[in-house]
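The values are calculated or read from the model by the stated rules, or taken from the named source; none is laboratory data. Here the structure is a predicted model, which means the values were calculated and not measured. Glycine also receives a Cβ, built like all others from the backbone with ideal geometry; neighbour counts cover every protein chain displayed. We work out accessible area using only protein heavy atoms, side chains counted, and drop any ligands, DNA or RNA first. Shrake-Rupley method; radii C 1.70, N 1.55, O 1.52, S 1.80 Å.
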Amino acid sequence: MTTRLEALSAAYLEGLRAYLEAASETGLAHAYELGRQAMADGLGLLDIAQLHRGALDTLVLPAAAADRERLLDAATAFFNELLAPFELSIEGYRAALTASEERFHLAVSGAMAGLWDWNPQTDEIYFSPQFKRIMGYEDSELPNEREAHFGAVHADDQDRVAQRMKAHLEDRLAYDIEYRVIAKSGEVRWVHSRGQALWNASGKPYRMVGWILDVTDRKRDEEALRTSQEEMRRLSVHIQQVREQEKARIARELHDDLGQQLTALKMATSLLEHAEDNDRARADQGALNGLYAMIDNLVQSVRHIAADLHPVILDDLGLIPAIDSLVDEFSARYGIRVIRHIDADAISFNRECRIDMFRMVQEALTNVARHSGATEVVLDIERVDPHCIVRIADNGRGAAHHGAKGRHSFGLLGMRERAALLGGEIRISTAPGKGFALTALLPLASIEAKPAP
Ligand SMILES: Nc1ncnc2c1ncn2[C@@H]1O[C@H](COP(=O)(O)OP(=O)(O)OP(=O)(O)O)[C@@H](O)[C@H]1O
Ligand SMILES: [Mg+2]
């Protein structure tokens with residue numbers, strides 16, 4: 001640097017001397033060139049000022065007093081020309097700085113991401129307005145203090161966030177994490193946060209910059225998907241079990257009920273065969289009557305078993321008569337009055353939806369019998385375009401929840417599944433002491449038989 005300064009000093013003295021002797025444009029151009037040279041050499045304004053002072057001492061001070069003022073003016077003009085490249089560069093720098101600041105502000109204000117910029121040495125931190133908005137605050141409401149954010153991290157996630165931050169600052173592992181924050185409203189929101197630190201030569205972090213993105217909606221969707229997959233898994237396990245239990249029940253009924261009746265029938269037939277001739281005529285009529293009664297019972301039992309497996313009446317007479325007969329049986333068995341508002345004449349139910357709709361009503365009525373303690377049920381089936389609405393409402397004790405997802409409750413889950421398969425949904429309205437009302441909204445498009453082309 002010193003040699004450069006010395007070289008420049010000599011050139012400056014030479015140039016100024018020539019300019020003082022004959023002020024010319026070329027002389028000024030030379031001054032400008034020297035200024036560029038000084039900048040390129042990395043000299044500062046103080047160096048230049050010193051150099052100029054030295055030149056004045058050598059060239060202007062010794063001159064005759066009468067000449068000094070003119071010489072001083074010329075030297076100043078020369079010096080100003082030398083400073084011009086410095087001024088231009090400062091102006092350019094300022095313009096570039098303003099542009100880059102404007103760009104930064106535009107980026108910060110338009111971004112979806114909330115930015116943060118932290119100095120781990122002084123603990124100073126900057127949060128962009130969007131950062132504060134994600135937390136539910138206006139720009140002026142949240143101070144630029146680290147605690148303002150880290151204090152709002154969900155208690156269960158604080159350790160994880162602190163560990164990842166430490167791992168980044170100390171071991172330089174990536175800082176890329178999702179965690180929960182408590183927003184101003186108290187609502188829990190999920191954020192995705194990434195950051196990058198800068199380390200000085202001695203390995204100390206002196207700055208860390210990053211962003212957060214609000215990913216609450218995505219997290220909620222993932223959560224809902226996980227829950228529904230879990231429910232589906234439980235439901236399918238349950239269906240397997242029910243199938244096995246059903247087989248066991250049918251086997252038991254066939255064995256205990258039909259088996260015994262058939263054995264009795266066989267014995268009675270055999271008795272009839274071996275009866276003494278003189279008894280036979282007398283025995284004939286009574287024994288035959290007994291056999292007929294047994295056969296009637298058998299037929300009855302077979303009907304019951306078959307009806308449980310699949311209500312034949314559904315196929316023979318259709319959905320509404322099958323529901324009517326179900327309701328009659330329900331009222332007779334549990335002594336609960338059912339008021340029917342069935343106005344479905346305008347709907348011709350297709351074959352595919354019948355069993356689903358029948359099972360939904362059946363499960364709802366079973367729930368009424370099991371859980372409600374009701375004395376009365378209102379059953380509505382009506383057409384409200386573009387839906388068919390099936391509503392089963394009781395006047396019982398109701399429930400505090402809308403069908404809890406208990407480990408062993410599958411009735412409502414199965415109904416929801418059936419409704420979803422038909423493109424519809426189940427809505428529940430209940431409260432303790434206020435009865436339980438279940439509504440199935442089923443699109444007519446999927447339950448009505450298509451008119452023959
Ligand atoms: N009509 C009703 N009145 C009061 N509570 C009801 C009624 N229907 C359902 N519930 C409540 O909703 C819960 C869930 O019903 P769901 O049919 O899914 O299961 P469940 O009847 O308990 O068992 P299952 O799997 O055998 O049907 C019930 O346990 C009960 O607490
Ligand atoms: Mg149930």
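Annotations for the structure displayed:
- Selected residue [in the same structural domain as Ser9 (by TED's automatic domain parsing) and surrounded by 13 or more Cβ atoms within 10 Å (Cβ to Cβ)] from Leu61, Leu72: Leu72
- Residue match in region 192-200 (condition: more than 30 Å from Phe410 (Cβ to Cβ), assigned to a strand (DSSP E or B), of a type outside the set (Val, Ile, Thr) and touching a residue at least 40 places away in the same chain (Cβ under 8 Å)): yes
Here's the yes/no breakdown for (1) closer than 30 Å to Leu413 by Cβ; (2) open to solvent by less than 80 Å² (accessible area, probe 1.4 Å); (3) part of a helix (DSSP H, G or I):
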site	(1), (2), (3)
Ile177	no, yes, no
Val181	no, yes, no
Trp190	yes, yes, no
Ser202	no, no, no
Gly210	no, yes, no
Leu213	no, yes, no
Lys219	yes, yes, yes
Ile250	yes, yes, yes
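- Selection within region 354-390 - more than 20 Å from Ala445 (Cβ to Cβ) and under 35 Å from the mean Cα position of the chain (by Cα): Arg359, Val361, Glu363, Ala364, Asn367, His371
- Taking region 337-453 as the region of interest, the helices (runs of 4 or more DSSP H) fully inside it that hold 2 or more residues being outside the structural domain of His238 (by TED's automatic domain parsing) and buried (at least 19 other Cβ atoms within 10 Å of the Cβ) are 351-367, 411-421.
- Of all residues making up region 144-160, the number that are under 20 Å from Thr122 (Cα atoms), open to solvent by less than 90 Å² (accessible area, probe 1.4 Å) and either among the hydroxyl-bearing types (Ser, Thr, Tyr) or outside any loop (DSSP other than H, G, I, E, B) (or both): 4
- With respect to (1) within 11 Å of ligand 1 (Cβ to nearest atom); (2) among the hydrophobic types (A, V, I, L, M, F, W, C); (3) at pLDDT below 90, the lone exception for Phe436 is condition (3).
- You will find that of Leu314, Leu309, the residue that is within 19 Å of Ile447 (Cα to Cα), out of contact with any Ser or Thr (no Cβ under 8 Å at 6 or more places or on another chain) and either small (Gly, Ala, Ser) or in contact (Cβ under 8 Å) with a residue 12 or more places away in the chain (or both) is Leu314 and no other.
- The single residue among Met267, Met232 that is open to solvent by 80 Å² or more (accessible area, probe 1.4 Å) and assigned to a helix (DSSP H, G or I) turns out to be Met267.
- Of all residue pairs spaced 6 or more apart or on separate chains, those with beta-carbon atoms under 7 Å, a first member in region 345-370 that is of a type in the set (Asp, Glu) and a second member that is more than 10 Å from ligand 2 (Cβ to nearest atom) are Asp356/Arg418; Asp356/Leu421; Asp356/Leu422.
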